Every structure is written in structure tokens, then in C-alpha cells.
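Please treat every number below as a calculation from the coordinates, not as lab data. Nothing here was measured: the structure is a model prediction, and the numbers come from that model. In this analysis, Cβ positions are derived from the backbone assuming ideal geometry, glycine residues included, and neighbour counts consider all displayed protein chains.
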Amino acid sequence: MSTTTDEFQRVIKAQLDKKALSDPLFASKYNTQGKSIQDCCNYIVAQVRASGRCGFADDEVIGMAMHYYDEPDTTRVEPLQCKVVVNEHLELSEDEKDQLKQKARDDYYRQAYAEQAAKNQRAKAKSKQLSKTDTLPTLFDDL
């Protein structure tokens, strides 16, 4: 069972693959048998937990990943149950942006309509309740 998210592992692997293409020395260490992306991500999570901090810059996280592969004495770390937030910029097409804006508008109108309907229903119920119980007798009522 994976403890780090698949997305986190994918992003770390992509960054390390990119580094291995530009740095042959790192590439030789990166291709070392016995080390895996999942173990690397577990190592990163353990380092983050040990630091006591909640957030790290992208470069710091990639530095931890590279250290895992650079150092032969990094041992396998037991997986920790946690959630990892991946900071990745997404490029949306204009059509996708328009669709998301329309969905947000529709959601807003649907929520506003539901709130107004609930408000009207409460007012109607209150009005019925008042008309049944709060009528005062007048001089012209038959007693």
C-alpha cells in the first residue's frame, strides 16, 4: 500500500528524470539498484516530519530526493500515513477556462436559488403559524 500520493511520486520522478538527463554523474547514482521512487518519497516525508516544518520550497524537496540517491548509506524508511500536497502549475486552454467559469456561475446560481427557496419556505411556514395562533379577537367576532 502506497503511503505517499501517486501524484507526488510522479512529480518527484519527473524532476529526477530531468536532472538525470542533464547530469551524467547523478544519472549513474539515480539508476542504482535497490532504490525506488516510492522509497525516495518515503525518505522525503520522513525528513519533512523530522524537521517539524509543514512546507518546503520545490528546490528543497528535490534536494532531499537527490540526496536520497546520492548517498549510498540512506536506508529504507518505513512508510508514514500522510497526505502530500503537490504544487504544480496547470495550463488551461481558453475553452477549459470558459467551461470552469460557466460551471462556477451555474453552481453559484444553483446555491443562491436553493438558499432563497429555503428562506421563502421558512417565511411561509412562519406566516402560516402566525395566522393560526396569533389572531386577536375583535369587537365584531362572535364569542
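Cβ under 12 Å from residue 99's Cβ, residue 99 left aside: what net charge do those residues give with Lys, Arg +1 and Asp, Glu -1?
Here the count lands on -1.
Grab the DSSP H runs of the chain that are 4 residues or longer, score each as -39,500 (n - 2.57), total them, divide by all residues and round the 222 nm result to the nearest 500 deg cm²/dmol.
Using -39500 (n - 2.57) per qualifying helix, the result is -22000 deg cm²/dmol.
Under unit Cβ charges (Lys, Arg +1; Asp, Glu -1), what dipole magnitude, rounded to 20 debye, does the range 1-125 have relative to its Cα centre?
It works out to roughly 760 debye.
Return the FRET efficiency for the residue pair residue 5, residue 105: r is the Cβ-Cβ distance, R0 is 35 Å, and the value is rounded to the nearest 0.05.
Efficiency for this residue pair is about 0.65.
What do you get for trypsin sites (Lys or Arg not before Pro) in the range 16-60 restricted to DSSP loop and a cutoff of at most 11 other Cβ within 10 Å of the site's Cβ?
Passing both the DSSP loop test and the Cβ count: 53.
Kindly provide the Kirkwood hydrodynamic radius of the chain in Å, to one decimal, from all pairs of distinct alpha carbon atoms.
By the Kirkwood definition, the hydrodynamic radius is 20.7 Å.
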